Structure formats: structure tokens, C-alpha cells
1. From A:50, A:21, which residue is among the β-branched types (Val, Ile, Thr) and under 29 Å from residue B:99 (Cα atoms)?
2. State which residue is nearest to the other protein chains (Cβ to nearest Cβ) when the search covers only the stretch B:5-28 and only residues that are in contact (Cβ under 8 Å) with a residue 60 or more places away in the chain and over 17 Å from residue B:69 (Cα atoms).
3. Out of everything in the stretch B:89-100 that is at the interface with chain A (Cβ under 10 Å from one of its Cβ atoms) and assigned to a helix (DSSP H, G or I), what residue ends up being surrounded by the most Cβ atoms within 10 Å (Cβ to Cβ)?
4. Which ones in the stretch B:78-88 are in contact (Cβ under 8 Å) with a residue 24 or more places away in the chain and either more than 8 Å from chain A (Cβ to nearest Cβ) or within 14 Å of residue B:176 (Cα to Cα) (or both)?
5. Among (1) exposed (fewer than 15 other Cβ atoms within 10 Å of the Cβ); (2) of a type in the set (A, V, I, L, M); (3) touching a helix residue (DSSP H, G or I) at 6+ places or on another chain (Cβ under 7 Å), where does residue A:54 come up short?
6. Residue B:163: small (Gly, Ala, Ser), under 24 Å from residue B:13 (Cα atoms), surrounded by fewer than 24 Cβ atoms within 10 Å (Cβ to Cβ) and within 14 Å of chain A (Cβ to nearest Cβ), yes or no?
7. Can you pull out the residues in the stretch B:151-173 that are touching a residue at least 12 places away in the same chain (Cβ under 8 Å) and among the basic types (Lys, Arg)?
8. Just wondering, is there one or more residues in the stretch B:53-76 that are in contact with an Asp or Glu (Cβ under 8 Å, 6 or more places away or on another chain), more than 14 Å from chain A (Cβ to nearest Cβ), not small (Gly, Ala, Ser) and not in a loop (DSSP other than H, G, I, E, B)?
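Every number here is computed from the coordinates shown, using simple stated rules; none is lab data. What you are looking at is a predicted structure, and each value in this text was computed from that prediction instead of being measured. With ideal geometry, Cβ positions are generated from the backbone for all residues, glycine too; neighbour counts draw on all protein chains shown.
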Amino acid sequence: MKCYVCVKEGRSTDAVAVCIVCGMGLCKDHAIREELDLWEGGYPFPAKKVKAKIPRILCPECYQALKGK
Amino acid sequence: MSDLAKRCIAELAGTALLVYFGAGAAAITLMIARGTDTGTPFNIGIGALGGLGDWFAIGMAFAIVIAAVIYSMGRVSGAHINPAVTVALFATKRFPAGDAGAYIVAQLVGGAIGSLLFAASAGMEAVMVGGLGATAPFPGIGYGQAILAEAIGTFVLMLVIMGIAVDKKAPQGFAGLIIGLTVGGVITTTGNIAGASLNTARTFGPYLVDSLLGGPDLWVYFPIYIIGPIIGAVIAAFFYDYLAGEGSATA
């Protein structure tokens, strides 16, 4: 698979990741890796943030949309 | 500030809100009904205006504030706002002993602060006529009957907490609503037996502030609201674990 963003810009780059939201293939330059906090507990126990985080890969477009930018 | 201190402040605030709005609704009902012919000695004023509807209204005041506290404080402290719930979670090894002790102290102090704030808001008539919504067995109800009614009511409350919140397989997001409505329903039915406290801190607050401000002295009944709720909650927690634990149909 090729990077969708690069193809749109007229380049051909191998994809190394897929956006978890829209599914587009992404090269290393266009893949945005985020880490989500993971919580456990909640009523009737206090919620605690666990050390482990959940990684996710996003394309620039979905990243901007999810951040509300 | 330590994590435990913050959680204790949340328990204190939550219990204060419970007592202010819940017990406060009982006090206001007595103040409104003052001078009304109740017709029967079993009716001390709550019920003089709308029969069981008076208890339903008080139950709904509790239901709404319990739901509000669970949804707002549930992730912070767990929103037990009830020593019986804390003891039951401790007894089933779900809650550490040190935290449980601190929570219970915070809940008792919160109950007293809630009552004090209600007295400050509503005036001395709330103390002298409404007794700040303090619970006691109704005329004709014995000590043992009152303990039984409190134990059964708290059994239902804790059973619902276990099924809707403690059990990880329970649907998410309904705990505050269902637990609040459960308390409201229990109060509607058993309020006119022993006040349907279901909660040692909810009774402790009005008792303490009534004593401080010259209101009714009801301390002789306080053991009812320690023994009944704690027995009911602990039995419910173990009962649920037995029914839904390893090897059961839902495990």
C-alpha cells in the first residue's frame, strides 16, 4: 500500500501505517501516533489512571478533526 | 494534598449534599404539615398532606441528589456517601481498611455539615419542628422491627449497587439513576416504619446538630441506624457474590 497523502501530492511512498479512523495508508512522515490514557475503576471505586497507554495512529486530517482544529 | 485526602473531601461533600437535600426534604415536609390533623398516631406529619405521596416526594429528593452525587463524584471517590456501603465493600475485600476508616469519618462529618447548613438555611423551626429530618422508629414500631426494616432496605440498596456498579458485566452509565431510584422506592415504602435512613451518616448528621441546637434528643435510637444498615449491606454483598460468583450462571 502507498501513502495516500503522498500520492495526492504526486509522490509515491510506501505506507507503514493505517489511520484508525478513515483507514488511509500513511508513510512514516504522515502518520501521527497518539497515546490515550487508560483509566480503571469508577463508581463505586475511585477511578485510577493506569501506567499503560493505548497507542493509535491517525492521518493528519483525522488528527485535526479529532482535536477540533 | 494526598489522593486519599481529596477522596475524603469528595465523600464529605457528597454526604453533606445527601443530608441537606434528602433529610432536608423530610424536615420541610414536617414544617409544612405543622398543625395539620394527622388523624392517626402513626402519622407524625409526613403523610398528612398527600398520604404516601409525601414519602414519595421525600424519596425523590433523595433519588435526585444521590444520582447527582454518584454522577459527579463517582469517579473521584467512588461516591459511597454511606458507611454501610463502605463497610460492605471492605468486608468483601474490595476496599482497603485504612481507606474505609477515613471514608467513614468523612461521611459522618459530611452528614453533620449538611445538617448544620440546612439549619442555617431554614432556621430554627427546621430544628424544633422538622428535627432536621432525623430518623426514628414511628409510633408502635419496636426497636427490633426498626432494625429489620433498615436492614432490609439497605440490603436492597447494596444488592443493586453490586449488580449495577460493582459487577464488571453490568451495563455502564445507569448506576446513579438506578441506585437513586432504588433509595427513593425504599423510602416511599418503609419511610413510615423507621425513617428509611439506610445510612448511618444520614442519621448521625441530624442527630448531632439537633443536640447542638436544642432539637429532639434521639440518640437512644442511633444503634438502629448502625446495626440495621451495616447488617443489610454486608449480607447483600456476600449474597450477590454467592449468586454471581465463580461457577454461577452469570460468571
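1. A:50
2. The qualifying residue nearest to the other protein chains (Cβ to nearest Cβ) is B:26.
3. B:89
4. B:78, B:79, B:80, B:81, B:82, B:83, B:84, B:87, B:88
5. (3)
6. No, not satisfied.
7. B:169
8. Checked against the condition, which is being in contact with an Asp or Glu (Cβ under 8 Å, 6 or more places away or on another chain), more than 14 Å from chain A (Cβ to nearest Cβ), not small (Gly, Ala, Ser) and not in a loop (DSSP other than H, G, I, E, B), the stretch B:53-76 yields no hits at all.
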